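Working notes for the structure below.
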Amino acid sequence: MVGATRALGPVVTLSRRDALRLLGAGALGTFAAAATTSTSGCSLLGSGSPEPRLLASEGPLPAPFRVPLPVPAVAKPVRTDATTDYYDLSPRVAEQEILPGLRTRIWGYAGRFPGPTIEARSGRRVVVHQTNELPVPVVTHLHGGRTPAASDGYPTDLLLPSHGDFPGRMEDPRANVARGSRGYDFPMDQRAAALWYHDHRMDFTAPQVWRGLAGMCFVRDDEEDALPLPRGEQEVPLLICDRAFDADGTLRYPALDPDLRAEPGVREAYAGGVFGDVVLVNGAPWPSLDVSTRRYRFRILNASNARRYELSLDPVPHGGPAFVQIGGDGGLLEHPLARSTLTLAPAERLDVVVDFAGCPVGTTVLLRNSAAEGPAGRVMRFRVVRKERDETSVPPRLSRIERLDPARAVATRDLSFESGDVHGHSGWTINGDPFDPTRASARPRFGSTEVWRLTSDVAHPVHLHLVHFQVLTIDGERPAADLGWKDTVDLRPAQTVEIIARFDGYRGRYAFHCHNLEHEDMAMMGNFEVV
Ligand SMILES: [Cu+2]
(Lines give C-alpha, C1' and ligand atoms only; values in the text may rest on other atoms or scores of the structure.)
Protein backbone atom coordinates (compact mmCIF):
# COMPACT_ATOMS: atom_id res chain seq x y z
CA MET A 1 0.00 0.00 0.00
CA VAL A 2 1.20 3.44 -0.79
CA GLY A 3 2.22 5.40 2.26
CA ALA A 4 2.67 2.30 4.35
CA THR A 5 6.16 3.25 5.40
CA ARG A 6 5.21 6.69 6.56
CA ALA A 7 4.67 6.82 10.29
CA LEU A 8 1.37 8.07 11.53
CA GLY A 9 1.40 11.25 13.51
CA PRO A 10 1.66 11.06 17.27
CA VAL A 11 -1.29 9.29 18.79
CA VAL A 12 -3.65 11.87 20.14
CA THR A 13 -4.50 11.04 23.71
CA LEU A 14 -7.45 13.31 24.08
CA SER A 15 -10.36 11.87 25.95
CA ARG A 16 -13.50 11.40 23.97
CA ARG A 17 -14.95 14.47 25.66
CA ASP A 18 -11.90 16.53 24.71
CA ALA A 19 -12.22 15.36 21.16
CA LEU A 20 -15.84 16.38 21.21
CA ARG A 21 -14.90 19.82 22.47
CA LEU A 22 -12.12 20.28 20.00
CA LEU A 23 -14.33 19.41 17.12
CA GLY A 24 -17.49 21.01 18.33
CA ALA A 25 -20.36 18.64 17.89
CA GLY A 26 -17.96 16.07 16.55
CA ALA A 27 -16.96 12.78 17.97
CA LEU A 28 -15.37 11.11 14.99
CA GLY A 29 -14.60 8.02 16.94
CA THR A 30 -17.81 6.38 16.14
CA PHE A 31 -17.02 3.74 13.62
CA ALA A 32 -14.10 2.41 15.45
CA ALA A 33 -13.25 -0.84 16.91
CA ALA A 34 -9.56 -1.38 17.42
CA ALA A 35 -7.63 -0.72 14.27
CA THR A 36 -5.93 -3.72 12.80
CA THR A 37 -2.58 -3.63 11.13
CA SER A 38 -1.95 -5.18 7.77
CA THR A 39 1.24 -6.99 6.94
CA SER A 40 2.48 -3.87 5.18
CA GLY A 41 2.07 -1.90 8.38
CA CYS A 42 -0.74 0.16 6.96
CA SER A 43 -3.44 0.98 9.43
CA LEU A 44 -6.77 -0.38 8.32
CA LEU A 45 -10.25 0.20 9.55
CA GLY A 46 -11.27 -2.10 12.37
CA SER A 47 -13.92 -4.59 11.42
CA GLY A 48 -15.34 -2.04 8.99
CA SER A 49 -14.50 -2.33 5.33
CA PRO A 50 -12.30 0.35 3.82
CA GLU A 51 -14.53 0.14 0.74
CA PRO A 52 -17.98 1.69 0.51
CA ARG A 53 -20.78 -0.69 1.34
CA LEU A 54 -24.22 -1.08 -0.19
CA LEU A 55 -27.16 -0.13 1.98
CA ALA A 56 -30.04 -2.01 0.35
CA SER A 57 -33.56 -0.64 0.20
CA GLU A 58 -36.39 -2.40 2.02
CA GLY A 59 -39.31 -3.37 -0.13
CA PRO A 60 -39.48 -3.59 -3.92
CA LEU A 61 -37.40 -1.20 -6.00
CA PRO A 62 -39.36 1.01 -8.40
CA ALA A 63 -39.54 -0.12 -12.01
CA PRO A 64 -36.98 1.69 -14.12
CA PHE A 65 -37.72 4.25 -16.85
CA ARG A 66 -41.30 4.91 -15.73
CA VAL A 67 -40.77 8.41 -14.40
CA PRO A 68 -40.05 11.32 -16.76
CA LEU A 69 -36.77 13.07 -16.01
CA PRO A 70 -37.57 16.12 -13.90
CA VAL A 71 -35.50 19.25 -14.42
CA PRO A 72 -34.93 21.24 -11.24
CA ALA A 73 -36.61 24.64 -11.28
CA VAL A 74 -34.38 27.64 -11.87
CA ALA A 75 -34.17 29.71 -8.70
CA LYS A 76 -35.98 33.05 -8.92
CA PRO A 77 -34.22 36.01 -7.36
CA VAL A 78 -36.19 37.71 -4.61
CA ARG A 79 -34.55 40.97 -5.68
CA THR A 80 -32.03 42.20 -8.23
CA ASP A 81 -30.08 45.42 -8.56
CA ALA A 82 -27.39 46.74 -10.89
CA THR A 83 -24.71 44.35 -9.64
CA THR A 84 -26.38 41.56 -7.71
CA ASP A 85 -29.04 38.86 -7.74
CA TYR A 86 -30.46 38.02 -4.31
CA TYR A 87 -31.93 34.59 -3.59
CA ASP A 88 -33.60 32.93 -0.66
CA LEU A 89 -32.67 29.25 -0.49
CA SER A 90 -33.70 28.44 3.05
CA PRO A 91 -33.26 24.78 3.97
CA ARG A 92 -36.38 23.14 5.29
CA VAL A 93 -38.19 19.84 5.72
CA ALA A 94 -40.55 18.89 2.90
CA GLU A 95 -42.27 15.87 1.45
CA GLN A 96 -41.64 14.83 -2.11
CA GLU A 97 -42.77 11.97 -4.33
CA ILE A 98 -39.47 10.30 -5.24
CA LEU A 99 -40.66 6.71 -5.52
CA PRO A 100 -43.96 6.51 -7.42
CA GLY A 101 -46.93 6.57 -5.05
CA LEU A 102 -44.88 7.19 -1.89
CA ARG A 103 -44.02 10.35 0.04
CA THR A 104 -40.45 10.86 1.16
CA ARG A 105 -39.46 13.36 3.80
CA ILE A 106 -36.46 15.31 2.51
CA TRP A 107 -34.35 18.22 3.66
CA GLY A 108 -34.13 20.60 0.76
CA TYR A 109 -33.03 24.10 -0.18
CA ALA A 110 -36.33 25.98 -0.64
CA GLY A 111 -37.90 22.65 0.35
CA ARG A 112 -36.77 20.87 -2.82
CA PHE A 113 -34.48 18.01 -3.70
CA PRO A 114 -32.47 18.74 -5.73
CA GLY A 115 -32.46 22.41 -4.76
CA PRO A 116 -33.39 25.06 -7.33
CA THR A 117 -30.71 25.67 -9.96
CA ILE A 118 -28.91 28.99 -9.63
CA GLU A 119 -28.30 30.65 -13.01
CA ALA A 120 -25.38 33.03 -12.54
CA ARG A 121 -23.41 35.33 -14.79
CA SER A 122 -19.64 35.59 -14.58
CA GLY A 123 -18.78 38.79 -12.70
CA ARG A 124 -22.32 39.33 -11.43
CA ARG A 125 -22.65 38.89 -7.68
CA VAL A 126 -25.04 36.36 -6.17
CA VAL A 127 -26.21 36.67 -2.57
CA VAL A 128 -27.96 33.68 -1.05
CA HIS A 129 -29.98 34.28 2.10
CA GLN A 130 -30.97 31.39 4.28
CA THR A 131 -33.16 30.97 7.32
CA ASN A 132 -32.46 27.58 8.79
CA GLU A 133 -35.84 25.88 9.22
CA LEU A 134 -34.25 22.48 9.89
CA PRO A 135 -33.85 21.04 13.40
CA VAL A 136 -30.02 20.89 13.06
CA PRO A 137 -27.23 23.28 12.02
CA VAL A 138 -26.37 23.67 8.36
CA VAL A 139 -23.40 25.08 6.46
CA THR A 140 -23.65 25.84 2.74
CA HIS A 141 -20.67 25.53 0.40
CA LEU A 142 -20.68 26.52 -3.25
CA HIS A 143 -18.54 23.75 -4.73
CA GLY A 144 -16.28 25.11 -7.47
CA GLY A 145 -17.01 28.68 -6.44
CA ARG A 146 -14.20 31.21 -6.05
CA THR A 147 -15.63 32.58 -2.86
CA PRO A 148 -14.33 34.82 -0.05
CA ALA A 149 -13.54 32.71 3.00
CA ALA A 150 -16.37 34.19 5.08
CA SER A 151 -18.93 32.86 2.58
CA ASP A 152 -17.20 29.63 1.62
CA GLY A 153 -19.09 27.43 4.04
CA TYR A 154 -16.24 26.51 6.35
CA PRO A 155 -17.46 23.43 8.29
CA THR A 156 -17.55 25.11 11.68
CA ASP A 157 -19.31 28.26 10.40
CA LEU A 158 -22.63 26.81 11.49
CA LEU A 159 -26.00 28.32 10.83
CA LEU A 160 -28.00 27.15 13.84
CA PRO A 161 -31.72 26.39 13.60
CA SER A 162 -34.03 29.40 13.71
CA HIS A 163 -36.18 27.78 16.39
CA GLY A 164 -35.48 25.48 19.27
CA ASP A 165 -32.25 25.56 21.22
CA PHE A 166 -29.42 23.74 19.58
CA PRO A 167 -26.31 23.27 21.68
CA GLY A 168 -24.12 24.23 18.74
CA ARG A 169 -21.00 25.28 20.57
CA MET A 170 -17.91 25.26 18.35
CA GLU A 171 -14.51 25.18 19.93
CA ASP A 172 -12.89 26.40 16.78
CA PRO A 173 -11.85 29.89 17.91
CA ARG A 174 -12.35 31.24 14.40
CA ALA A 175 -15.78 29.70 13.85
CA ASN A 176 -18.37 32.17 12.70
CA VAL A 177 -21.57 30.73 14.13
CA ALA A 178 -24.90 32.37 13.32
CA ARG A 179 -28.34 31.62 14.65
CA GLY A 180 -31.43 31.62 12.48
CA SER A 181 -30.39 33.46 9.33
CA ARG A 182 -27.34 34.37 7.32
CA GLY A 183 -26.32 35.49 3.85
CA TYR A 184 -23.65 34.03 1.60
CA ASP A 185 -21.90 36.39 -0.79
CA PHE A 186 -20.68 34.87 -4.06
CA PRO A 187 -18.85 37.31 -6.37
CA MET A 188 -18.90 34.74 -9.22
CA ASP A 189 -15.69 36.28 -10.47
CA GLN A 190 -14.87 33.18 -12.52
CA ARG A 191 -15.34 31.60 -15.94
CA ALA A 192 -18.42 29.72 -17.07
CA ALA A 193 -18.74 26.37 -15.30
CA ALA A 194 -21.16 23.99 -13.62
CA LEU A 195 -20.91 24.44 -9.86
CA TRP A 196 -23.07 22.95 -7.16
CA TYR A 197 -24.07 23.93 -3.67
CA HIS A 198 -24.44 21.51 -0.82
CA ASP A 199 -24.31 21.12 2.92
CA HIS A 200 -20.89 21.13 4.60
CA ARG A 201 -21.74 20.88 8.30
CA MET A 202 -18.87 19.68 10.45
CA ASP A 203 -19.10 15.89 10.95
CA PHE A 204 -22.61 15.68 9.44
CA THR A 205 -22.16 16.54 5.76
CA ALA A 206 -22.80 13.00 4.50
CA PRO A 207 -26.22 12.42 6.11
CA GLN A 208 -27.38 15.97 5.37
CA VAL A 209 -26.50 15.79 1.67
CA TRP A 210 -28.09 12.33 1.62
CA ARG A 211 -31.35 13.85 2.90
CA GLY A 212 -31.36 16.26 -0.03
CA LEU A 213 -29.23 19.34 0.61
CA ALA A 214 -27.71 19.73 -2.86
CA GLY A 215 -28.42 21.78 -5.96
CA MET A 216 -26.68 22.97 -9.11
CA CYS A 217 -25.41 26.38 -10.14
CA PHE A 218 -24.42 27.36 -13.66
CA VAL A 219 -22.09 30.28 -14.27
CA ARG A 220 -22.40 31.68 -17.80
CA ASP A 221 -20.10 33.99 -19.71
CA ASP A 222 -19.73 35.61 -23.15
CA GLU A 223 -17.16 33.09 -24.37
CA GLU A 224 -19.51 30.18 -23.79
CA ASP A 225 -22.54 32.08 -25.10
CA ALA A 226 -20.76 32.65 -28.43
CA LEU A 227 -20.47 28.90 -29.09
CA PRO A 228 -23.11 27.15 -31.24
CA LEU A 229 -23.79 24.52 -28.56
CA PRO A 230 -27.22 23.06 -27.74
CA ARG A 231 -29.10 25.31 -25.33
CA GLY A 232 -32.55 25.86 -23.89
CA GLU A 233 -34.44 22.58 -23.69
CA GLN A 234 -31.48 20.83 -25.29
CA GLU A 235 -29.22 21.70 -22.36
CA VAL A 236 -30.11 19.37 -19.52
CA PRO A 237 -28.65 19.11 -16.02
CA LEU A 238 -28.24 15.54 -14.77
CA LEU A 239 -27.62 15.46 -11.02
CA ILE A 240 -26.92 11.80 -10.29
CA CYS A 241 -26.94 10.27 -6.83
CA ASP A 242 -27.72 6.94 -5.22
CA ARG A 243 -30.02 6.48 -2.25
CA ALA A 244 -31.70 3.71 -0.26
CA PHE A 245 -35.32 3.70 0.93
CA ASP A 246 -37.53 1.94 3.43
CA ALA A 247 -40.65 0.24 2.12
CA ASP A 248 -42.71 3.33 3.01
CA GLY A 249 -40.43 5.64 1.02
CA THR A 250 -38.39 6.95 3.95
CA LEU A 251 -34.74 7.58 3.10
CA ARG A 252 -32.46 5.05 4.81
CA TYR A 253 -29.02 5.98 6.13
CA PRO A 254 -26.85 4.16 8.69
CA ALA A 255 -26.35 7.18 10.97
CA LEU A 256 -25.49 6.46 14.58
CA ASP A 257 -27.76 9.31 15.65
CA PRO A 258 -30.79 9.34 13.35
CA ASP A 259 -31.62 12.87 14.53
CA LEU A 260 -28.15 14.10 13.48
CA ARG A 261 -27.87 16.16 16.62
CA ALA A 262 -25.07 14.87 18.79
CA GLU A 263 -23.22 11.79 17.72
CA PRO A 264 -21.80 11.87 14.20
CA GLY A 265 -20.74 8.96 12.08
CA VAL A 266 -22.18 5.82 10.58
CA ARG A 267 -22.38 2.21 11.67
CA GLU A 268 -18.96 0.69 11.43
CA ALA A 269 -19.71 -1.47 8.41
CA TYR A 270 -20.30 1.73 6.40
CA ALA A 271 -17.15 3.56 7.42
CA GLY A 272 -15.77 3.25 3.91
CA GLY A 273 -18.77 5.07 2.48
CA VAL A 274 -22.46 4.47 1.82
CA PHE A 275 -23.87 3.19 -1.46
CA GLY A 276 -27.60 3.16 -2.19
CA ASP A 277 -29.30 0.79 -4.61
CA VAL A 278 -31.64 3.33 -6.23
CA VAL A 279 -30.03 5.68 -8.75
CA LEU A 280 -31.75 9.06 -8.86
CA VAL A 281 -31.29 11.58 -11.64
CA ASN A 282 -32.55 15.03 -10.66
CA GLY A 283 -34.29 13.28 -7.77
CA ALA A 284 -36.17 10.67 -9.86
CA PRO A 285 -35.42 6.93 -9.88
CA TRP A 286 -34.00 5.69 -13.22
CA PRO A 287 -35.96 8.29 -15.19
CA SER A 288 -36.66 8.50 -18.90
CA LEU A 289 -36.13 11.51 -21.16
CA ASP A 290 -37.83 11.94 -24.53
CA VAL A 291 -35.41 13.42 -27.06
CA SER A 292 -35.45 14.35 -30.73
CA THR A 293 -32.93 13.49 -33.44
CA ARG A 294 -30.46 16.21 -32.52
CA ARG A 295 -27.66 17.17 -30.18
CA TYR A 296 -28.14 17.56 -26.46
CA ARG A 297 -25.78 19.07 -23.95
CA PHE A 298 -25.79 17.21 -20.64
CA ARG A 299 -24.34 18.90 -17.55
CA ILE A 300 -23.58 15.87 -15.41
CA LEU A 301 -22.85 16.06 -11.68
CA ASN A 302 -22.05 13.12 -9.46
CA ALA A 303 -23.73 14.24 -6.24
CA SER A 304 -23.41 10.81 -4.62
CA ASN A 305 -21.84 10.41 -1.19
CA ALA A 306 -19.41 7.65 -2.17
CA ARG A 307 -20.40 6.08 -5.48
CA ARG A 308 -18.23 6.48 -8.56
CA TYR A 309 -19.77 5.99 -11.99
CA GLU A 310 -18.50 4.74 -15.35
CA LEU A 311 -21.14 5.92 -17.77
CA SER A 312 -21.74 4.54 -21.23
CA LEU A 313 -24.55 4.57 -23.81
CA ASP A 314 -26.23 1.39 -25.00
CA PRO A 315 -26.51 1.39 -27.95
CA VAL A 316 -24.11 4.11 -29.00
CA PRO A 317 -26.04 6.41 -31.38
CA HIS A 318 -25.19 5.51 -34.96
CA GLY A 319 -22.30 7.35 -36.51
CA GLY A 320 -20.92 8.96 -33.42
CA PRO A 321 -18.83 8.55 -30.38
CA ALA A 322 -21.10 8.03 -27.39
CA PHE A 323 -20.13 11.34 -25.85
CA VAL A 324 -18.27 14.44 -26.93
CA GLN A 325 -16.82 15.94 -23.78
CA ILE A 326 -16.63 19.71 -23.91
CA GLY A 327 -15.96 20.58 -20.29
CA GLY A 328 -15.20 19.47 -16.76
CA ASP A 329 -15.32 20.80 -13.20
CA GLY A 330 -13.90 24.20 -14.05
CA GLY A 331 -15.60 24.89 -17.38
CA LEU A 332 -14.88 24.35 -21.05
CA LEU A 333 -11.95 22.33 -22.33
CA GLU A 334 -9.76 23.78 -25.04
CA HIS A 335 -10.87 21.16 -27.58
CA PRO A 336 -13.70 18.62 -27.57
CA LEU A 337 -12.85 15.01 -26.78
CA ALA A 338 -14.61 11.91 -28.14
CA ARG A 339 -15.34 9.59 -25.22
CA SER A 340 -16.88 6.14 -25.08
CA THR A 341 -17.02 6.10 -21.28
CA LEU A 342 -17.28 8.86 -18.71
CA THR A 343 -15.91 8.33 -15.23
CA LEU A 344 -17.23 10.51 -12.44
CA ALA A 345 -16.02 10.35 -8.86
CA PRO A 346 -18.16 12.02 -6.18
CA ALA A 347 -18.45 15.80 -6.78
CA GLU A 348 -16.97 15.73 -10.29
CA ARG A 349 -18.83 17.36 -13.18
CA LEU A 350 -18.71 16.63 -16.88
CA ASP A 351 -20.11 18.70 -19.72
CA VAL A 352 -20.91 16.48 -22.71
CA VAL A 353 -22.78 16.58 -25.99
CA VAL A 354 -24.70 13.52 -27.23
CA ASP A 355 -25.99 13.47 -30.82
CA PHE A 356 -29.15 11.42 -31.35
CA ALA A 357 -29.29 12.32 -35.08
CA GLY A 358 -28.36 8.79 -36.14
CA CYS A 359 -31.15 7.20 -34.10
CA PRO A 360 -34.41 6.18 -35.81
CA VAL A 361 -37.51 7.45 -34.04
CA GLY A 362 -38.51 4.82 -31.50
CA THR A 363 -34.94 4.01 -30.46
CA THR A 364 -34.24 3.77 -26.76
CA VAL A 365 -30.74 4.42 -25.45
CA LEU A 366 -29.69 3.40 -21.96
CA LEU A 367 -27.26 5.37 -19.84
CA ARG A 368 -25.42 2.57 -18.10
CA ASN A 369 -23.04 2.53 -15.15
CA SER A 370 -20.47 -0.20 -15.78
CA ALA A 371 -18.87 0.43 -12.36
CA ALA A 372 -21.76 -1.42 -10.71
CA GLU A 373 -23.75 -4.56 -11.21
CA GLY A 374 -27.43 -4.92 -10.39
CA PRO A 375 -29.77 -1.96 -9.99
CA ALA A 376 -27.00 0.64 -9.80
CA GLY A 377 -25.68 -0.58 -13.14
CA ARG A 378 -28.20 1.59 -14.94
CA VAL A 379 -28.83 5.30 -14.58
CA MET A 380 -31.56 6.47 -16.97
CA ARG A 381 -32.99 6.04 -20.44
CA PHE A 382 -33.37 8.27 -23.49
CA ARG A 383 -36.23 7.64 -25.91
CA VAL A 384 -36.01 9.16 -29.38
CA VAL A 385 -39.54 10.34 -30.13
CA ARG A 386 -39.34 12.75 -33.07
CA LYS A 387 -37.23 13.98 -35.96
CA GLU A 388 -35.97 17.50 -35.72
CA ARG A 389 -33.51 19.71 -37.55
CA ASP A 390 -30.42 20.71 -35.66
CA GLU A 391 -28.38 23.82 -36.23
CA THR A 392 -26.06 23.32 -33.31
CA SER A 393 -22.50 22.08 -33.55
CA VAL A 394 -19.45 21.42 -31.42
CA PRO A 395 -16.63 23.62 -32.73
CA PRO A 396 -13.10 22.19 -32.77
CA ARG A 397 -11.90 24.98 -30.51
CA LEU A 398 -13.92 25.75 -27.39
CA SER A 399 -11.75 27.92 -25.21
CA ARG A 400 -8.19 28.84 -24.37
CA ILE A 401 -6.69 27.50 -21.19
CA GLU A 402 -3.63 28.92 -19.52
CA ARG A 403 -1.23 26.11 -18.63
CA LEU A 404 0.23 26.46 -15.16
CA ASP A 405 3.99 25.92 -15.29
CA PRO A 406 5.49 23.59 -12.66
CA ALA A 407 8.79 25.46 -13.01
CA ARG A 408 7.02 28.45 -11.44
CA ALA A 409 5.84 26.48 -8.40
CA VAL A 410 7.31 27.80 -5.16
CA ALA A 411 6.44 24.72 -3.11
CA THR A 412 5.79 21.04 -3.57
CA ARG A 413 3.76 19.34 -0.88
CA ASP A 414 3.08 15.67 -0.19
CA LEU A 415 -0.37 14.85 1.13
CA SER A 416 -1.25 11.26 1.85
CA PHE A 417 -4.93 10.34 2.10
CA GLU A 418 -5.08 7.21 4.21
CA SER A 419 -6.82 5.44 7.01
CA GLY A 420 -5.35 6.27 10.38
CA ASP A 421 -5.82 7.11 14.00
CA VAL A 422 -8.55 9.63 14.75
CA HIS A 423 -8.49 10.45 18.46
CA GLY A 424 -7.84 6.89 19.49
CA HIS A 425 -10.13 5.33 16.92
CA SER A 426 -9.61 4.29 13.36
CA GLY A 427 -10.69 6.84 10.82
CA TRP A 428 -9.57 8.75 7.74
CA THR A 429 -6.60 11.07 7.87
CA ILE A 430 -4.33 13.29 5.77
CA ASN A 431 -0.64 12.68 6.48
CA GLY A 432 -1.82 10.79 9.54
CA ASP A 433 -3.66 13.79 10.95
CA PRO A 434 -7.40 14.00 11.53
CA PHE A 435 -9.09 17.28 10.72
CA ASP A 436 -8.22 20.10 13.09
CA PRO A 437 -9.63 23.55 12.31
CA THR A 438 -6.69 25.21 14.05
CA ARG A 439 -3.92 23.67 11.94
CA ALA A 440 -3.03 24.60 8.36
CA SER A 441 -1.36 22.05 6.10
CA ALA A 442 -0.19 24.85 3.80
CA ARG A 443 0.11 28.63 3.90
CA PRO A 444 0.50 29.62 0.26
CA ARG A 445 1.27 33.26 -0.42
CA PHE A 446 -1.50 35.04 -2.32
CA GLY A 447 -0.88 34.58 -6.03
CA SER A 448 1.74 31.87 -5.63
CA THR A 449 1.72 28.55 -7.44
CA GLU A 450 2.24 25.21 -5.73
CA VAL A 451 2.40 21.57 -6.74
CA TRP A 452 0.57 19.16 -4.46
CA ARG A 453 1.42 15.47 -4.69
CA LEU A 454 -1.65 13.53 -3.51
CA THR A 455 -1.36 9.86 -2.56
CA SER A 456 -4.15 7.42 -1.72
CA ASP A 457 -4.55 4.09 0.03
CA VAL A 458 -8.09 3.32 -1.14
CA ALA A 459 -10.00 5.56 -3.58
CA HIS A 460 -10.35 9.18 -2.46
CA PRO A 461 -11.85 11.95 -4.60
CA VAL A 462 -9.84 14.96 -3.38
CA HIS A 463 -11.40 18.43 -3.50
CA LEU A 464 -9.79 21.82 -2.94
CA HIS A 465 -11.92 24.81 -2.06
CA LEU A 466 -11.27 28.24 -3.62
CA VAL A 467 -8.91 27.21 -6.41
CA HIS A 468 -9.15 25.28 -9.61
CA PHE A 469 -6.13 23.19 -10.49
CA GLN A 470 -4.59 21.24 -13.33
CA VAL A 471 -3.51 17.63 -13.17
CA LEU A 472 0.18 17.30 -14.03
CA THR A 473 0.74 13.57 -13.61
CA ILE A 474 -1.10 10.40 -12.61
CA ASP A 475 1.32 7.80 -11.24
CA GLY A 476 4.12 9.71 -12.94
CA GLU A 477 2.50 9.86 -16.38
CA ARG A 478 0.84 12.84 -17.97
CA PRO A 479 -2.95 12.38 -18.18
CA ALA A 480 -3.98 10.56 -21.35
CA ALA A 481 -6.42 13.35 -22.23
CA ASP A 482 -6.82 16.97 -21.27
CA LEU A 483 -8.79 17.23 -18.04
CA GLY A 484 -9.12 21.02 -18.14
CA TRP A 485 -9.52 22.95 -14.92
CA LYS A 486 -10.46 20.73 -12.00
CA ASP A 487 -11.55 21.19 -8.41
CA THR A 488 -11.92 17.50 -7.57
CA VAL A 489 -9.57 14.75 -8.67
CA ASP A 490 -10.47 11.08 -8.78
CA LEU A 491 -7.66 9.38 -6.84
CA ARG A 492 -7.82 5.66 -7.52
CA PRO A 493 -6.49 3.16 -4.94
CA ALA A 494 -2.75 3.38 -4.24
CA GLN A 495 -2.25 6.20 -6.68
CA THR A 496 -0.17 9.37 -6.74
CA VAL A 497 -1.51 12.38 -8.58
CA GLU A 498 0.34 15.69 -8.94
CA ILE A 499 -1.78 18.79 -9.26
CA ILE A 500 -0.77 22.41 -9.75
CA ALA A 501 -2.75 25.40 -8.50
CA ARG A 502 -2.34 29.13 -8.20
CA PHE A 503 -3.64 30.34 -4.87
CA ASP A 504 -5.31 33.60 -5.76
CA GLY A 505 -8.75 35.10 -5.58
CA TYR A 506 -9.03 35.66 -1.83
CA ARG A 507 -6.98 35.36 1.32
CA GLY A 508 -8.07 33.31 4.28
CA ARG A 509 -8.67 29.84 5.59
CA TYR A 510 -10.06 27.22 3.24
CA ALA A 511 -10.74 23.50 3.49
CA PHE A 512 -9.53 20.69 1.30
CA HIS A 513 -10.82 17.18 1.80
CA CYS A 514 -11.87 13.84 0.48
CA HIS A 515 -15.28 14.12 -1.19
CA ASN A 516 -16.32 10.63 -0.23
CA LEU A 517 -18.62 12.28 2.30
CA GLU A 518 -18.35 9.52 4.87
CA HIS A 519 -14.55 9.87 4.75
CA GLU A 520 -14.88 13.64 5.04
CA ASP A 521 -17.12 13.35 8.11
CA MET A 522 -14.63 10.94 9.65
CA ALA A 523 -11.86 13.54 9.63
CA MET A 524 -10.32 13.37 6.13
CA MET A 525 -10.05 17.12 5.80
CA GLY A 526 -7.35 19.74 6.12
CA ASN A 527 -6.90 23.50 5.81
CA PHE A 528 -4.83 25.80 3.69
CA GLU A 529 -4.48 29.46 4.53
CA VAL A 530 -3.85 31.90 1.70
CA VAL A 531 -1.72 34.65 3.23
CU1 LIG B 1 -11.69 9.39 0.95
Taking region 453-470, which residues are closer than 23 Å to G273 by Cβ and in contact with a Lys or Arg (Cβ under 8 Å, 6 or more places away or on another chain)? S456, A459, P461
Taking region 425-454 and keeping only residues that are within 16 Å of the ligand (Cβ to nearest atom) and either without any contact (Cβ under 8 Å) to a residue 12 or more places away in the chain or farther than 30 Å from R400 by Cα (or both), one is left with S426, G427, W428, T429, I430, N431, G432, D433, P434, F435, S441
Please list, ordered by first then second residue, the pairs with beta carbon atoms under 6 Å, 6 or more apart or interchain, first in region 65-92 and on the phi > 0 side of the Ramachandran plot, second outside any strand (DSSP E or B). F65/W286
Could you say whether any residue in region 479-495 is among the charged types (D, E, K, R), within 14 Å of the ligand (Cβ to nearest atom), in a loop (DSSP other than H, G, I, E, B) and crowded, with 20+ Cβ neighbours inside 10 Å? no
Of everything in region 105-127, what is assigned to a loop (DSSP other than H, G, I, E, B) and touching a residue at least 24 places away in the same chain (Cβ under 8 Å)? Give them in sequence order. A110, F113, P114, S122, G123, R124
Filter region 420-440 down to the residues that are within 22 Å of the chain's Cα centre (by Cα) and modelled with pLDDT of 95 or more and list them by number. W428, T429, I430, P434, F435, D436, P437
How many residues, within region 497-531, are within 16 Å of the ligand (Cβ to nearest atom), touching a Pro at 6+ places or on another chain (Cβ under 8 Å) and assigned to a strand (DSSP E or B)? 3
Looking at region 186-201, is at least one residue acidic (D, E), under 18 Å from G115 (Cα atoms), touching a strand residue (DSSP E or B) at 6+ places or on another chain (Cβ under 8 Å) and away from the ligand (no atom under 16 Å from the Cβ)? yes
Any residue that is over 28 Å from T140 (Cβ atoms), aliphatic (A, V, I, L, M) and assigned to a strand (DSSP E or B) - is there at least one of those in region 88-103? no
Which ones in region 455-469 are within 10 Å of the ligand (Cβ to nearest atom) and more than 14 Å from the chain's Cα centre (by Cα)? S456, D457, V458, A459
Those residues of region 307-361 which are among the β-branched types (V, I, T) and buried (at least 17 other Cβ atoms within 10 Å of the Cβ) amount to V324, I326, V352, V353, V354
Which of the numbered conditions does A407 fail, given that it passes all the others? Conditions: (1) under 30 Å from R297 (Cα atoms); (2) free of Cβ contacts under 8 Å to residues at least 40 places away in the same chain; (3) of a type in the set (A, V, I, L, M, F, W, C). (1)
Residue in region 385-419 that is farthest from G327 (Cα to Cα), counting only those that are among the small types (G, A, S) and within 23 Å of the chain's Cα centre (by Cα): S419
Across region 252-277, what is the number of residues that are in a loop (DSSP other than H, G, I, E, B) and surrounded by 22 or more Cβ atoms within 10 Å (Cβ to Cβ)? 6
Within region 439-457, how many residues turn out to be crowded, with 24+ Cβ neighbours inside 10 Å and touching a His at 6+ places or on another chain (Cβ under 9 Å)? 0
Against the definition (outside any strand (DSSP E or B) and crowded, with 22+ Cβ neighbours inside 10 Å), how does M216 come out, yes or no? no
Which of the residues spanning region 452-488 are under 21 Å from Y309 (Cβ atoms) and of a type in the set (K, R)? K486
F417 fails exactly one of the following numbered conditions: (1) surrounded by 24 or more Cβ atoms within 10 Å (Cβ to Cβ); (2) part of a loop (DSSP other than H, G, I, E, B). What is the number of that condition? (2)
Go through V365, V384 for me and flag whichever is assigned to a strand (DSSP E or B) and touching a Cys at 6+ places or on another chain (Cβ under 6 Å). V384
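The values are calculated or read from the model by the stated rules, or taken from the named source; none is laboratory data. Note that this is a predicted model, so its numbers are computed, not measured. Methodologically, a virtual Cβ is constructed for each residue, glycine included, from the backbone with ideal geometry; neighbour enumeration extends over all protein chains shown.
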